[in-house]
Structure formats: C-alpha cells, structure tokens
Amino acid sequence: MATLTDDSAFGADDRLTTADGKPLKAALARAEARAKRRAFFLVLPLFLFVLITFIVPIGQMLHRSVHNSGFTLHTDIGSKVQTPIMVNLRDWFDNNPRGTEPDEAAFEALAADLVVLREVKAAGQAGTRINYELSGTRSMFTKAARKAPKLEAPFAAAILDLDEDWADPELWAAMRDASSAYTMNFYLAAVDLTRDTDGFVAQVDEKRRLYKQLFVRTLLLSLLITGLTFVLAYPIAHMLATLPLRYSNLLMILVLLPFWTSLLVRTTSWMVLLQSQGVVNDALVGTGVLADDSRIQMMYNQTGTIIAMTHILLPFMVLPLYSVMRTINPSYVRAAKSLGATSWTAFRRIYFPLTVPGIGAGALLVFILAVGYYITPALVGGADGQLISNLIAFHMQKSLNWSLAAALAGLLLGGILILYWLYDRLIGIDNLKLG
C-alpha cells in the first residue's frame, strides 16, 4: 500500500512509498521489468522455433543463391578437410582483365591446377560447377585431370591436344566468373540471362529460354486458380453464413473434409477422374456427348493442373469468406431494400464491400499457396502444366544445381513479398481477416 512520507513535502521526490517503505516509482519499474521478462520468456520458444525452422533456412537459401565454392574449394567429406583448388588459374584471372585471351601462362596455370584436381579427386566437382554455366564441360575436366601429370610445355598445345574446346572463349569466361565463390550469375540464369565473353549481360539462346516462361505461366495459372476459387467459394460461403447454425455446421464438414484426406490421395483421385479412359470421359461418351474417338485430354496438361488445384485450394477461399460473412448483420441489406434499393444494388453497395477483407485474405492465401504448389502439378500437369516449383525441385533433386534452385526460389520469394506489399498499399494489411 502506497503512503505519503511527509504531508508537508508534496514537492519532494519519492514522496510515495509502498507498504514495505520502498519508493513507489522504483517498485513500479521493477514490476514492469518483471512483466517484460515474463512476456519475453513466454514468447522465446515461438521465436526460437520461427528462427530455426523459417528464418535461418531462408537465409541459407538466399546465401546459397549467390555463393558456390565448387570451383574454388574442395571439401573431403570423410575428414572435413578443405583444399583450395584452381588457385593458379584464379591468380592469372586476377592479374589479367576480362577479355584477355588465354596465353601460355594461363594454360600453365590450368595444367598445375589440373594436377591438384587429380590429387584431391575434385575434377568432377570443378567440372560440374562450370557445367552449370556451359553444358558439356564436366567430362573435359575429368579427362584432362587424368592426364594432367603427363602434360609438358608448351602447355597450351598439350591441353588443346586433349580437347580443342579448351580454347573456347566462353569456357574461359565461365571459369573467370566461377573463380569467385560469390556471383550473381545464378540470378541471371534464373531469368534466362547470361554474361558474354566481355562480361556484358545478354539473353541466352532462344532454345534455352525456359525460366521466364515458367514464371509467367506460374503467375497466370495462380491468378486463374485464385479467380476460380473465388467464383466457386463466394456462393458457398454465403450459403453457409446465412443458413441456421445447425445446418451450416453440418455443411461445413463437407468443406473441411478435404483437410482430413491426404493431398496425394486427392490428387490421384483426380488422375482417375480426368484421364482419357477415366470416369469423366466415360460418362461423356456413355451419354453420347462425345464420340469414343474424341475423348477430351484433361491429364498431363494445364487443364488438369487448373481443375485439381482449384478443388484442393477451394477451402482456403471458403473459410476466410465465411468468417467475414458470418459477422455481417442481415439488417444492413434489409435496411437498404426498405429504402428502395434493388437486391443487386443492396448486394453491390452494402454486402459485397463488407466482404472485401475476406476476399483479400482468401485471394492472398490461395495465390501464395498456388505459386509454390509442387505435388499436384508434378502428377497431373505433365510438361505443359508444370510450375516453377517443379523446376526448383528438379534442380534440387536431379541436376543438383542447388544455387540455381535457390536463385529461382529467391525470385519467387521476392515476388510474393512484392505482392504482399501491394496488398498492404491497395487494401491495407489491417483489413486482412482470416477468422
């Protein structure tokens, strides 16, 4: 209990004390500090979880997108010993500007480094790193490393006798770029760009342009799927919000049922339905709508991807819309009608604007999920229905070009952050309602 230390000294500092005689100001400060510490320790487990499972992996991914030491450093997996490789060639690159044609000194440095590659068994690693920039070069490194101890001066002629492609200016430009572990070339490759022999950024050959097309396809299909889920989910959510609670809860089970079913099972079910000899085509042929020789191809193309992903992502649009519509007072629309508004006008000017927060939340959620979807496009999409996530998985699992996969993922992450920023600017993140 706070008391006055001296009735005649209202202007003195620390005139209020607690029951045990301590200054009230200091006691309040200690209590506030204890509350802050308690709150910090309560939040600490969640913060560590997010840091370890979300922030750190994203940071590692972004670092990997600009770092690849495959041409500069070899790590012995068994002993964890790191050995610098291609040291002599890096020195030559440092002492000679870009555009300099490789001379005898350059080939001598290359020959010395090939000997090191053979000793530490890193020729395949160095060749793979250059192969990311210029395909078909891995075998050149492994072949040259095997014969490196026998190479003698003049080294240029000796190495060119092994393979004339060692004189290719593009190869030397790729080795120059790879001589630094940090590079932006993977981001250039992720948007179908490269560096020419003079170091200028240029487009890759038309036959190798793939990533821009996939990014555009991913964006367009995600927008289309978001639009389709909105068209289908809006009346469903409206019906659930306006029905009596006992009926809406029963129907809500049907909306939530997909969450209780494996994603793989749902996707394979669509494969059974959509294939040429599947249920849908059989039904159309059986009813005479289609001839047996003109069945619709709905599998392994964009059609299959759109249908399957729209069904799978539909609940993510229904639930935010339902949570917002449930809170809208029906008397608002009735009041508009009593003032002479038609049903369409009341919906357009009263009801629909009130559902915008749910629309924004559902659209943002569905779009973000759609751009990163992997399993469904991989199973039902085929070549035409693949998204950028499938190519990221390919580079992670098959080509083992993790740096390019990280660059593609980094661009995808950047696009989502830009979308989030635009949503905040246009609608306002404070209006986001998920429940």
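The values are calculated or read from the model by the stated rules, or taken from the named source; none is laboratory data. As the structure is a prediction and not an experimental result, all values here were calculated from the model. Every residue, glycine among them, receives a Cβ derived from its backbone with ideal geometry; neighbour counts consider all protein chains shown. Quick note on the areas: whole protein, heavy atoms, side chains included, nothing else; ligands and nucleic acids left out. Shrake-Rupley method; radii C 1.70, N 1.55, O 1.52, S 1.80 Å.
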query = Taking springs between alpha-carbon atoms closer than 10 angstrom, which of D282, D168, D293 fluctuates most in the Gaussian network model of the chain?
reply = D293
ask   = Counting alpha carbon pairs within less than 8 Å and at least 6 residues apart, what relative contact order, in whole percent, applies to the chain?
value = 15 percent
ask   = Among A153, A361, A406, whose mean-square fluctuation peaks in a Gaussian network model of the chain (Cα, cutoff 10 Å)?
value = A153
remark   = Taking 0.36 nm per residue of separation between T197 and I253 and subtracting their Cα-Cα distance, the length gained on full extension comes to 14.0 nm
query = Using helices alone, what [θ] at 222 nm do you get for the chain, with -39,500 (n - 2.57) per DSSP H run of 4 or more residues, divided over all residues and rounded to the nearest 500?
reply = -19000 deg cm²/dmol
task = Assuming 0.890 mPa s and 25 °C, estimate D for the range 211-341 with Stokes-Einstein, Rh taken as the Kirkwood radius over Cα pairs, in µm²/s.
result = 140 µm²/s
ask   = At what distance in angstrom do the alpha carbon centres of the range 367-411 and the range 98-136 lie from each other?
value = 31 Å
request  = Compute the semi-axes of the equivalent ellipsoid of the chain, taking the square root of 5 times each eigenvalue of the Cα gyration tensor, and list them largest first in whole Å.
outcome  = 56, 42, 19
remark   = Reported to the nearest 10 Å², T261 has, with a 1.4 Å probe, an accessible area equal to 50 Å²
request  = Can you pull the one-decimal nm distance between simple spin-label points at I429 and R266, each 7 Å off the Cα toward Cβ?
outcome  = 2.7 nm
remark   = Gyration tensor on Cα atoms of the range 211-431, a ≥ b ≥ c root eigenvalues, a/c under 1.5 rounded, else prolate if a/b beats b/c, else oblate, says oblate
request  = Heads up, I need the accessible area for Y132: 1.4 angstrom probe, whole protein in place, Å², nearest 10.
outcome  = 60 Å²
task = Kindly give Rg over Rh for the range 336-416, based on alpha-carbon atoms, with the Kirkwood expression for the hydrodynamic radius.
result = 1.32
ask   = Relative to the present Cα-Cα distance, how much length would full extension add between L224 and F49 at 0.36 nm per residue of separation?
value = 59.5 nm
key: Pairwise centroid distance, computed over Cα atoms, of the range 35-93 with the range 217-256, Å   = 42 Å
ask   = Once the whole set of protein chains is in place, how much accessible area is left on V66, using a 1.4 Å probe, in Å² to the nearest 10?
value = 40 Å²
task = Normalising by the residue count of the range 211-431, find the relative contact order in percent from Cα pairs under 8 Å and 6+ residues apart.
result = 27 percent
request  = Would you please put 370-380, 417-427 in order of how densely packed they are, using the mean number of other Cβ atoms within 10 angstrom per residue and starting with the highest?
outcome  = 370-380, 417-427
request  = Could you calculate the FRET efficiency of K36 with S399 from 1/(1 + (r/R0)^6), where r is the beta carbon distance between them and R0 is 45 Å, rounded to 0.05?
outcome  = 0.35
query = Given just the C-alpha atoms of the range 146-186, how large is their convex hull per residue in cubic angstrom?
reply = 102 Å³
ask   = Looking only at G415, G99, G385, which one moves most when the chain is put into a Gaussian network model with springs between Cα atoms under 10 Å?
value = G99
